[in-house]
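The values are calculated or read from the model by the stated rules, or taken from the named source; none is laboratory data. Everything numeric in this text was worked out from a predicted model, so none of it was measured. Cβ placement follows ideal geometry from the backbone for every residue including glycine, while neighbour counts extend to all protein chains displayed. Calculation scope for accessible area: heavy atoms of the full protein, side chains included, ligands and nucleic acids excluded. Shrake-Rupley method; radii C 1.70, N 1.55, O 1.52, S 1.80 Å.
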Amino acid sequence: MAEEKVSVAKIVKEIVLSRPAIKECLILDVINYSALARVILKELEKENIKTSAGAVKMALIRIGEDLKKERAFFEKRIKNVVAKTVIELQSDLTVITVERRAVLNNLEQLFKVMENARFFQLTQGVETFTLVLSSEEKEKVLEIIQPKAIVDLIEEQTAIVLISPEEIIETPGIIAIMTSTLSSNGVNITQVISCHKDTIFVLNRRDAPKAYQILEDMILKMRKTSK
């Protein structure tokens, strides 16, 4: 009997974790446990898993409590990392996406440009490379890369650089909370670049002041509440 209960509890947890909306409602405690238990019970019955609505409800309550503790633990870690983050701005940038071969064939020349550039980020994809560089270096790069190898070119970009403590590497959810906060405020991100402790958001220069203010306010708020 004990094994059956454990099995049902495990299956119910798998169902909850596979559905973000249900998981979030359990964490926020804004769900009707009895109604949800009846819905899940029907799914279990289709799989020939015999149990009761009461057993499913109890499993949901326990899962909800575990998820709340887990969220509180990670929120504390996130808060501590964000509170120690420093924010910087790099303006007047250009984003150039280039065919992979065109970059590999001209690495030495591109590295020379990179050495003296005010800002230069090179990211490799499956078929392309993306270069985010200070606009004053754009013409030098366009002289190296043939026009037919350029997939996309976006000007008037700004980079918001977030320099965090080393704990960011092992703390899940930090980038998610920042990007979701920006998107919910109508800020579109052109590129997201991660380099060890640095997180770089590249966006249209018109959105940069708003994005900077949003992220700076978040950092300052975390500093106050983490004391």
So which pairs qualify, if the first residue must be in the stretch 171-186 and of a type in the set (S, T, N, Q), the second must be assigned to a helix (DSSP H, G or I), the Cβ gap must be under 6 Å, and the two must be at least 6 apart or on different chains?
-> Thr171/Arg77; Thr171/Val81; Asn185/Ile214
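Can you tell me which residues in the stretch 66-106 are of a type in the set (A, V, I, L, M, F, W, C) and open to solvent by 50 Å² or more (accessible area, probe 1.4 Å)?
In the first step, residues of the stretch 66-106 are kept if they are of a type in the set (A, V, I, L, M, F, W, C); the result is 67, 72-74, 78, 81-83, 86-87, 89, 93, 95-96, 98, 102-104.
Those that are of a type in the set (A, V, I, L, M, F, W, C) and open to solvent by 50 Å² or more (accessible area, probe 1.4 Å): Ala72, Phe73, Phe74, Val86, Leu89, Leu104.
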A careful count of residues in the stretch 16-72 that are among the small types (Gly, Ala, Ser) and touching a residue at least 40 places away in the same chain (Cβ under 8 Å) gives 2
Restricting the first residue to the stretch 116-145 and requiring it to be surrounded by fewer than 16 Cβ atoms within 10 Å (Cβ to Cβ), which pairs with a second residue that is part of a loop (DSSP other than H, G, I, E, B) and not hydrophobic (A, V, I, L, M, F, W, C) meet a Cβ separation below 8 Å and a spacing of at least six or different chains?
-> Glu136/Arg118
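Do you know which of the residues in the stretch 197-227 that are assigned to a helix (DSSP H, G or I) and of a type in the set (Asp, Glu) is surrounded by the fewest Cβ atoms within 10 Å (Cβ to Cβ)?
Of the stretch 197-227, the ones assigned to a helix (DSSP H, G or I) are 208-225.
Filter once more, so that each one left must be of a type in the set (Asp, Glu): 216-217.
Numbers: Glu216: 13, Asp217: 11.
Among those that are assigned to a helix (DSSP H, G or I) and of a type in the set (Asp, Glu), it is Asp217.
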Thr85 being touching a residue at least 24 places away in the same chain (Cβ under 8 Å) and over 22 Å from Phe201 (Cα atoms) = no
Tell me, yes or no, whether the stretch 152-165 has at least one residue that is hydrophobic (A, V, I, L, M, F, W, C), touching a Phe, Trp or Tyr at 6+ places or on another chain (Cβ under 7 Å) and either surrounded by 16 or more Cβ atoms within 10 Å (Cβ to Cβ) or at pLDDT below 95 (or both).
-> yes
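Among residues belonging to the stretch 48-65 that are part of a helix (DSSP H, G or I) and β-branched (Val, Ile, Thr), point out the one that is surrounded by the most Cβ atoms within 10 Å (Cβ to Cβ).
Residues of the stretch 48-65 that are part of a helix (DSSP H, G or I), as a first pass: 53-65.
Now restrict to residues that are β-branched (Val, Ile, Thr): 56, 61, 63.
Details: Val56: 26, Ile61: 13, Ile63: 19.
The extreme case among them is Val56.
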